[in-house]
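Student: Got a structure here, written out as C-alpha cells. Questions coming.
A short reminder: the numbers here are calculations on the coordinates, not readings from a lab. No experiment lies behind these values; they were computed from the predicted model shown. A quick note on method: Cβ atoms are made from the backbone with ideal geometry, for glycine too, and the neighbour counts reach across all protein chains shown.
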Amino acid sequence: MMKSTLFKPASQELSRKERFLNAISFAPIDRPPVWLMRQAGRYLPEYQEVKRQYSFQEMCRLPSVAADVSLQPFDILGVDAIIVFNDILIPLESMGFSVEYAEGGPIVAPAIRRESDWKSIRPADFSETPPVFDSIREIRKRAGSGVPILGFAGSPFTLATYIVEGGVSRNLRYIKEIAYAQPQWLERMLELITPAVIEYLKIQIQAGADAVQIFDTWAGTLQVKEYRRFALPYQRRIVEAIQSQGTPVILYVKGSSPYLREMKETGAAVLSVDWITPLREVAEIAGEGVALQGNLDPAVLYAAPETVREQVQALLRDFGRKQGYIFNLGHGVLPETPVESVKEAIKAVKDYE
Ligand code: CP3
C-alpha cells in the first residue's frame with residue numbers, strides 16, 4: 001500500500017512534496033514536478049568549486065559536503081526534488097569491494113570473473129550506518145519538510161555488471177559471457193546483491209527519503225528474454241519490499257523502450273523512461289495506474305534556451321496529460337551542458353499551463 005497523499009484542492013498552492021507525491025498517485029496537480037537525473041554535477045561551476053576541495057569519494061562520505069552539493073540544484077535551478085549526492089557503487093564497499101573513482105571512470109576491485117573468486121564475497125554488512133543516512137538527515141534539516149528527498153540504489157544486474165567488469169565496459173565482455181555460459185551463477189550473484197539493495201534503500205527511507213529510484217542502467221543492453229530472467233525478478237523483489245512499507249519506487253532503465261511491459265510488471269509506482277518513444281505511446285504500452293517520469297533527450301539541453309523551451313513545451317503538449325507525470329530527462333545531464341539551458345528547461349515546465 002502506498003502512503004496516502006497529502007491531498008489539497010489544486011487551487012491551493014502545493015508544496016513541492018505534495019506536488020511530487022500527488023504526481024505519483026495521479027492526484028490533481030497544478031503542473032508536473034521537475035527534477036533531473038545527475039542534476040548535481042560537473043556542468044555546474046558551483047559543483048566544480050567543491051570538487052576542487054574534495055575528492056568524489058569524500059563528497060559522498062562527508063554528509064555536510066554531500067548535503068551542500070545535493071542542495072545546489074535546488075538553490076541554483078529551483079528543481080522540485082532533491083536527490084541525495086552519492087553513487088550506486090558506494091554500497092559495494094559494504095560487500096568487501098574497493099571502489100575508486102579515477103579519471104576514466106570508477107574502478108571496482110577485485111573484479112570477479114570466476115565463480116571461485118565470488119565465494120570470498122560476503123553479504124553486505126550495514127551494521128555501521130553508511131554516510132548516506134546522515135547526508136539525507138542533513139538535507140532534511142536544511143531543506144525543511146516541504147521538499148521531497150529522493151534516495152537511490154543501483155539494481156542488482158547493474159551492480160553485478162560493475163562487479164564482474166571491474167568498471168565501465170564498452171561491450172560488457174564478461175557479464176554477457178556469464179549471462180550466456182553460466183546463467184545460474186549470475187542468478188546466485190543477483191540473489192546475494194538483492195537484499196543488500198533493499199537494505200540500503202531502507203536505510204535511506206529511515207533517514208527521511210520520500211521516494212527511491214532504482215537505476216538499472218545496463219539492463220538496457222539485455223534481450224527482452226534475458227531482461228525477464230536477470231533484471232525483472234530482482235527489480236520486482238525490491239519494489240515489493242519497499243512499496244509494501246509505503247514508499248514509492250521509481251524504476252529507471254537506460255533505453256527503456258523495449259522493456260515497458262516488463263517494467264510495469266515490477267509494480268513500481270513510477271517508470272522513468274527514455275526519449276525514443278513519445279510519452280503518449282509509452283503511456284499506452286505501460287497502461288493504467290503507473291506514473292511516468294523522464295522522456296526528454298538529455299542532448300536537447302545542448303541547444304540554446306529558446307530551443308530548449310520549445311522542445312520541453314512540445315513534449316508536455318504532445319503528452320497532453322498533467323497527472324501521473326514527473327518531468328525529467330531520459331538519462332542524466334550530460335557533461336558540458338550549458339547551465340542556462342538547464343535553467344530554461346525547468347522554467348519551461350513551471351510556466352506550462
Ligand atoms: O543524480 C544525481 O545528481 C545524484 C548523484 C548520482 C551520481 N551517480 C553521482 C556521480 C547518481 C544518481 C548516480 C548514479 C550512477 N552512478 C549510475 C546510474 C545512472 C547512470 O548514469 O546510468 C551509474 C551507472 C553510476 C556509476 C558511475 N559513477 C559512473 C559510470 C561514473 C563515471 C562516469 C560519469 O558519469 O561521470 C560515476 C561518477 C559520478 N557519479 C559522478 C557523479 C556526479 C562524476 C564524478 C565527478 O565529478 O567527476
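Student: Could you pull out the residue among 75, 80 that is surrounded by fewer than 14 Cβ atoms within 10 Å (Cβ to Cβ) and either among the basic types (Lys, Arg) or within 15 Å of the ligand (Cβ to nearest atom) (or both)?
Tutor: When all the criteria are applied, what remains is 75.
Student: Looking for whichever is surrounded by fewer than 17 Cβ atoms within 10 Å (Cβ to Cβ), away from the ligand (no atom under 11 Å from the Cβ) and in a helix (DSSP H, G or I) here; the options are 125, 117. Which one fits?
Tutor: Matching residue, one of 125, 117: 117.
Student: Let me ask you something else. Among the residues of segment 39-56, how many are touching a helix residue (DSSP H, G or I) at 6+ places or on another chain (Cβ under 8 Å) and either more than 9 Å from the ligand (Cβ to nearest atom) or free of Cβ contacts under 8 Å to residues at least 24 places away in the same chain (or both)?
Tutor: The number of residues fulfilling the criteria is 7.
Student: For segment 128-154, what are the residues that are assigned to a loop (DSSP other than H, G, I, E, B) and in contact (Cβ under 8 Å) with a residue 40 or more places away in the chain?
Tutor: Hits for segment 128-154 are 129, 130, 145, 146, 147, 148.
Student: Being over 17 Å from residue 212 (Cβ atoms) and without any contact (Cβ under 8 Å) to a residue 40 or more places away in the chain is the filter here, so list the residues in segment 264-275 that pass it.
Tutor: Once the filter is applied, which keeps residues that are over 17 Å from residue 212 (Cβ atoms) and without any contact (Cβ under 8 Å) to a residue 40 or more places away in the chain, segment 264-275 yields 264, 265.
Student: Please work out which residue is surrounded by the fewest Cβ atoms within 10 Å (Cβ to Cβ), limiting yourself to segment 160-214 and to residues that are part of a helix (DSSP H, G or I) and hydroxyl-bearing (Ser, Thr, Tyr).
Tutor: Across segment 160-214, the extreme among qualifying residues is 180.
Student: Moving on. Could you list, ordered by first residue, the pairs with Cβ atoms under 7 Å in which the first is in segment 93-114 and closer than 24 Å to residue 179 by Cα and among the aliphatic types (A, V, I, L, M) and the second is assigned to a strand (DSSP E or B) and near the ligand (Cβ under 9 Å from one of its atoms), at least 6 apart or interchain?
Tutor: Going by the 7 Å Cβ cut-off, the qualifying pairs are 99/106; 107/167; 108/167.
Student: Continuing with this model, one more query. Find the residue count for segment 146-176, including only residues that are within 12 Å of the ligand (Cβ to nearest atom) and of a type in the set (A, V, I, L, M, F, W, C).
Tutor: 7
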